[in-house]
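Worksheet: one structure, shown below.
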Amino acid sequence: MATRRTDGLNADGEKRGRRRAALSAGLVVATVVTTVLSVWLAFGLAEQRSTEQRRQDILAAARQSALNFTSLDYRHYDRDSRNVLKSATGDFKKQFTAQTEQLTQLVARNKSVSEGQVLEAGIVRSDSRSARVLVVADSKVTNTAVPGGEPRTYRLQLDLVLKDGRWLTSDVEFVG
């Protein structure tokens, strides 16, 4: 009879031990799964923040480039054209540089002043190194022919590239 009782106690003890082991294993699995999910969510959130920051940087650069491009004053055209060139690269920079001398003379002769204002900007496409942005800008242009000023609306397509940590305009097109 003692044998049965000992066998019964061992069986109950083994059952309890297995339950504890199963519970411990379940807690370990739950902890691992929770940790993996937390890390995955943290990386996803970091990626989302990075994407949003890149988006904001692209829009800010495009807005500033369009503002510089639509705000030119004959009284300080050298400074204004330098502002355009500071945010330019590639073909756009080459073209603007090549035309600067002619533009300087034309703007001075006509006493042209253009006061730009960016109304809207939206990203058409972007990746980690390039972007295309559409910008709507207004400007009031005064010159010798229109001393009272004339409003103009521009729809610009700007291509930007990331160069040395800065978004620079590589192409500007007037679009319908």
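None of 122, 176, 165 is over 29 Å from residue 75 (Cβ atoms) and touching a Leu at 6+ places or on another chain (Cβ under 6 Å) except 122. Can you report the number of residues in region 102-114 which are within 13 Å of residue 149 (Cβ to Cβ) and touching a Leu at 6+ places or on another chain (Cβ under 9 Å)? Count: 3.
On the given criteria, is residue 23 assigned to a helix (DSSP H, G or I), among the hydrophobic types (A, V, I, L, M, F, W, C), at pLDDT below 95 and closer than 29 Å to residue 130 by Cα?
Values: assigned to a helix (DSSP H, G or I): yes; among the hydrophobic types (A, V, I, L, M, F, W, C): yes; at pLDDT below 95: yes; closer than 29 Å to residue 130 by Cα: no.
Answer is no for this residue.
Please tell me if residue 134 is within 30 Å of residue 47 (Cα to Cα), touching a Gly at 6+ places or on another chain (Cβ under 7 Å) and of a type in the set (A, V, I, L, M). Let's see the steps before the verdict.
Details: within 30 Å of residue 47 (Cα to Cα): yes; touching a Gly at 6+ places or on another chain (Cβ under 7 Å): yes; of a type in the set (A, V, I, L, M): yes.
The answer is yes for residue 134.
Quick one: which residue in 114, 81, 65 is touching a helix residue (DSSP H, G or I) at 6+ places or on another chain (Cβ under 9 Å) and touching a residue at least 60 places away in the same chain (Cβ under 8 Å)?
Only one candidate passes the filter, namely 65.
Scanning region 36-57 turns up no residue that is closer than 16 Å to residue 156 by Cα, in contact with a strand residue (DSSP E or B) (Cβ under 7 Å, 6 or more places away or on another chain) and surrounded by fewer than 18 Cβ atoms within 10 Å (Cβ to Cβ). Cβ separations smaller than 8 Å between residues 6+ apart or across chains give the following pairs from region 142-155 residues that are small (Gly, Ala, Ser) to residues that are open to solvent by 60 Å² or more (accessible area, probe 1.4 Å): 149/140. When region 64-91 is examined, which residues are found to be under 21 Å from the mean Cα position of the chain (by Cα), part of a helix (DSSP H, G or I) and over 16 Å from residue 114 (Cα atoms)? Residues satisfying the conditions are 85, 86, 90.
The values are calculated or read from the model by the stated rules, or taken from the named source; none is laboratory data. Since this is a predicted model, take the numbers as computed values, not measurements. Cβ atoms come from the backbone with ideal geometry, glycine included; neighbour counts cover every protein chain shown. Areas reflect the complete protein model, heavy atoms only, side chains present, ligands, DNA and RNA absent. Shrake-Rupley method; radii C 1.70, N 1.55, O 1.52, S 1.80 Å.
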